[in-house]
Amino acid sequence: MERPNRETTVLILINSKNGSTVRLATEIAAGVEKEHVRAVIKKVPTIDAKDAELFKEIPVATIDELPGYDGIAFGSPIHFGNMSADMRHFLDQGIKIWVDQSLAGVPATVFMAGGSGLGRESAILSFWNNLASQGMTLVTTGNIGAAAAGARALNGNTPFGITTIAGREPKNTLSEAEVDIAREQGAALARAARALSSERPHAKKSASVPAPPKRRTIDTSALGLPKAPKPVGNYRAAVRSGNLVFINQIALKDGKVLHPGVIGKDVSLEQAKEATKQTMQNVLAVLADALDGDLNRVERCVQLTGIFNTPSGFAEHAQVMNAASDYVVEVLGDAGPHARGTLGAASLPLNSAVEIQAIFEVR
Ligand SMILES: Cc1cc2nc3c(=O)[nH]c(=O)nc-3n(C[C@H](O)[C@H](O)[C@H](O)COP(=O)(O)O)c2cc1C
């Protein structure tokens with residue numbers, strides 16, 4: 001069943017209280033993207049309303065969107081040898097999906113964060129009961145952990161999926177071995193997602209890139225946008241012509257360039273994504289200024305062109321540019337999706353790693 005023009009997309013669905021699961025999710029995403037598959041990190045809603053304040057930058061998933069992905073990595077804290085109650089509560093809303101078999105054959109993998117690490121393997125196995133009930137295809141880690149970690153301490157390695165053992169106090173970092181294994185697990189899921197995406201019996205029902213959220217009233221002042229950078233020559237930060245506004249920005253943050261240099265040499269992919277998001281925030285800050293501080297006047301984002309400071313042979317432009325595209329959709333909802341171009345350049349102003357040229361239709 002061919003689904004042309006669809007970008008294979010993997011959801012990384014998490015719950016976290018102290019951040020260890022979030023850290024693992026970031027590494028799983030890096031592994032997914034290494035395989036040129038799109039990774040989207042979302043969290044489940046929380047039962048306790050005050051927990052909704054945690055990791056606010058991560059969007060909340062709905063149960064109905066799960067069949068829209070080509071693969072799903074589930075990440076949860078270990079709570080008494082099981083997944084967390086928040087994750088369980090979310091998955092228990094999957095009755096309609098189960099009846100429709102709309103997750104049948106979708107690749108799934110599980111990663112978990114523990115304190116002592118006690119019960120971690122059985123926690124993954126009990127998580128699998130739920131995924132097997134949905135007919136998902138389980139992606140395991142087998143021996144890739146030992147291979148990825150080499151002679152280093154294996155930490156949270158299991159043949160079922162990576163775990164991290166945070167210890168008594170929530171720690172700030174994963175071990176090197178945990179990072180490597182998580183990336184390998186993400187890559188394995190991405191390969192399965194790509195291979196199986198056109199084979200699923202229910203594939204027609206799904207759409208890989210989730211529908212953008214419906215347009216809602218934007219509280220522009222609550223977005224935390226940076227101060228719009230001022231022009232430093234004989235030009236304007238934004239020009240309006242008819243209903244179109246044209247803006248160009250680089251990765252300036254507080255008067256300095258964030259993560260300057262050549263991507264893949266001086267700047268890692270993760271840093272390049274941060275610089276790209278910062279650049280997009282600058283674009284929206286300039287746009288907000290041009291619209292008297294009210295982004296509700298944006299009809300739509302028409303086109304984004306991402307220019308990246310790259311060596312020859314660099315091919316990950318799309319992955320890096322997703323940081324801008326995802327952000328603009330997050331802010332503008334269904335007015336956010338845009339046409340897009342990306343290209344590499346041998347140098348950019350102030351040694352910025354990225355420049356974005358943007359066109360918006362406004363009223
Ligand atoms: C109710 C509860 C039960 C827990 N049970 C376990 C357990 O069985 N095994 C374990 O290794 N850690 C256990 N922990 C510790 C958490 O798994 C640990 O704090 C982990 O880092 C949480 O992930 P997070 O940082 O993403 O929130 C438990 C924590 C709580 C609050």
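The values are calculated or read from the model by the stated rules, or taken from the named source; none is laboratory data. Quick caveat: nothing in here was measured; it's all calculated off a predicted structure. Glycine also receives a Cβ, built like all others from the backbone with ideal geometry; neighbour counts cover every protein chain displayed.
If you take the residues in segment 300-311 that are surrounded by 20 or more Cβ atoms within 10 Å (Cβ to Cβ) and not hydrophobic (A, V, I, L, M, F, W, C), which one is nearest to LEU350 (Cα to Cα)? Before the answer, list the steps.
Within segment 300-311, the subset surrounded by 20 or more Cβ atoms within 10 Å (Cβ to Cβ) is 301, 304, 306-310.
Now drop any that are not not hydrophobic (A, V, I, L, M, F, W, C), which leaves 306, 309-310.
On the way: GLY306: 16, ASN309: 11, THR310: 14 Å.
Here the answer is ASN309.
Just checking, does segment 255-265 include any residue being of a type outside the set (S, T, N, Q), part of a helix (DSSP H, G or I) and out of contact with any Pro (no Cβ under 7 Å at 6 or more places or on another chain)? Show your work before the answer.
Going residue by residue through segment 255-265, those that are of a type outside the set (S, T, N, Q) are 255-265.
Narrowing further to those that are part of a helix (DSSP H, G or I): none.
There is no residue in segment 255-265 that is of a type outside the set (S, T, N, Q), part of a helix (DSSP H, G or I) and out of contact with any Pro (no Cβ under 7 Å at 6 or more places or on another chain).
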* Asked: Of the residues that make up segment 118-134, is at least one farther than 28 Å from GLU7 by Cα, modelled with pLDDT under 95, under 25 Å from the mean Cα position of the chain (by Cα) and of a type in the set (A, V, I, L, M)?
  -> no
* Asked: Just one of the numbered conditions (1) touching a residue at least 24 places away in the same chain (Cβ under 8 Å); (2) surrounded by fewer than 15 Cβ atoms within 10 Å (Cβ to Cβ); (3) aliphatic (A, V, I, L, M) is not true of VAL40; which one?
  -> (2)
* Asked: If we scan segment 40-51, do we find a residue that is farther than 24 Å from ALA272 by Cβ, of a type in the set (Gly, Ala, Ser), out of contact with any His (no Cβ under 8 Å at 6 or more places or on another chain) and more than 13 Å from the ligand (Cβ to nearest atom)?
  -> yes
* Has segment 12-34 got any residue that is free of Cβ contacts under 8 Å to residues at least 60 places away in the same chain and either outside the structural domain of THR163 (by TED's automatic domain parsing) or away from the ligand (no atom under 16 Å from the Cβ) (or both)? -> no
* Name the residue, out of LYS256, LYS265, that is surrounded by fewer than 20 Cβ atoms within 10 Å (Cβ to Cβ), among the basic types (Lys, Arg) and without any contact (Cβ under 8 Å) to a residue 24 or more places away in the chain. => LYS256
* To do: State the number of residues belonging to segment 161-199 that are modelled with pLDDT under 90 and within 21 Å of the chain's Cα centre (by Cα).
  => 4
* Search segment 312-325 for residues being small (Gly, Ala, Ser) and touching a Ser or Thr at 6+ places or on another chain (Cβ under 8 Å), and hand back the single one that is surrounded by the most Cβ atoms within 10 Å (Cβ to Cβ). => ALA324
* Structure fact -> Subset of segment 279-299, residues surrounded by 20 or more Cβ atoms within 10 Å (Cβ to Cβ) and part of a strand (DSSP E or B), comes to VAL298
* **Members of segment 49-69 found to be in contact with a strand residue (DSSP E or B) (Cβ under 9 Å, 6 or more places away or on another chain) and touching a residue at least 60 places away in the same chain (Cβ under 8 Å), listed by number** => PRO59, GLU65, GLY68, TYR69
